[in-house]
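Read the structure below first, then the notes.
The values are calculated or read from the model by the stated rules, or taken from the named source; none is laboratory data. None of these values were measured; they are calculated from a predicted model. Heads up, the Cβs are rebuilt from the backbone with ideal geometry, glycines too, and the neighbour counts pull from every protein chain shown. With ligands, DNA and RNA removed, areas are computed over all heavy atoms of the protein, side chains included. Shrake-Rupley method; radii C 1.70, N 1.55, O 1.52, S 1.80 Å.
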Amino acid sequence: MGYFSKFLGISAALLMLSATVVGAEEKDPLKARVPADQMADAKAMKNPIASSPESIAKGKALFEGKGTCFNCHGKDGNGQGEAGKVLNPSPRDFTNCKFHKKRKDGELFWVIKNGSAGTGMISLTPAIITEEEAWMIINYERTFCKAE
Ligand code: HEC
């Protein structure tokens, strides 16, 4: 085996290693997930739970508990939860303020209810959390954006 092919072998091994360590990436977080024919209805949905310190606290407890969201999205909301690390595409990074600006509450709700096709984000309402609980978690998820 020549020096060059040995070098190629080592490079390939390193590439595979870095892919394992760094993990997958998010699929474009600014691209809509709701299908076009349901978008108007999704955007028109209003969050029935006002964003208050109380509903945010309830949303946090659900995010970190019953809702199981933290497993994938991480306690810090950055998409680096233990179960999320092996997913491709990666879970949404909720610290991304551009993402929040782009999405209406109703679009987030639609994904919690219907899942995001072809990803680890499966339908969680009503199986895991009620609709009311989903809205409270949305209020909490919004708080991960600190800047802007
Ligand atoms: C098994 C892992 C997993 C769990 C548990 C999970 N998610 Fe996700 N979530 C994902 C992945 C992966 C994506 C990225 C999907 C994509 O790129 O389309 C995502 C994306 C999202 C999005 C972004 C949708 C959009 O419009 O781009 C929202 C909102 C969301 N999750 C909310 C939740 C909530 C709320 C919970 C808990 C009730 C939760 N997720 C639990 C894996 C998970």
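Give the number of residues within segment 50-64 that are surrounded by 14 or more Cβ atoms within 10 Å (Cβ to Cβ) and either near the ligand (Cβ under 10 Å from one of its atoms) or of a type outside the set (A, V, I, L, M) (or both).
8
Scan segment 128-148 residue by residue and report those that are more than 10 Å from the ligand (Cβ to nearest atom), open to solvent by 40 Å² or more (accessible area, probe 1.4 Å) and out of contact with any helix residue (DSSP H, G or I) (no Cβ under 7 Å at 6 or more places or on another chain).
Correct list: Thr130, Glu131, Glu132, Lys146.
For segment 18-38, give me the residue count where each residue is modelled with pLDDT of 85 or more and either surrounded by 10 or more Cβ atoms within 10 Å (Cβ to Cβ) or charged (D, E, K, R) (or both).
14
So is Ala127 out of contact with any Pro (no Cβ under 7 Å at 6 or more places or on another chain) and assigned to a loop (DSSP other than H, G, I, E, B) or not?
yes
Take the conditions part of a loop (DSSP other than H, G, I, E, B), modelled with pLDDT of 95 or more and either more than 8 Å from the ligand (Cβ to nearest atom) or aliphatic (A, V, I, L, M) (or both) and apply them to Gly67. Does it pass?
Against the criterion (part of a loop (DSSP other than H, G, I, E, B), modelled with pLDDT of 95 or more and either more than 8 Å from the ligand (Cβ to nearest atom) or aliphatic (A, V, I, L, M) (or both)), Gly67 does not qualify.
Taking Val111 as the residue in question, decide whether it is of a type outside the set (S, T, N, Q) and assigned to a helix (DSSP H, G or I).
In short, yes.
Collect the residues in segment 71-86 that are out of contact with any Asp or Glu (no Cβ under 7 Å at 6 or more places or on another chain) and open to solvent by 60 Å² or more (accessible area, probe 1.4 Å), keeping them in residue-number order.
Across segment 71-86, the qualifying residues are Asp76, Gln80, Glu82, Lys85, Val86.
Looking at segment 100-107, can you tell me whether even one residue there is more than 9 Å from the ligand (Cβ to nearest atom) and open to solvent by less than 30 Å² (accessible area, probe 1.4 Å)?
Yes, the conditions are met somewhere in segment 100-107.
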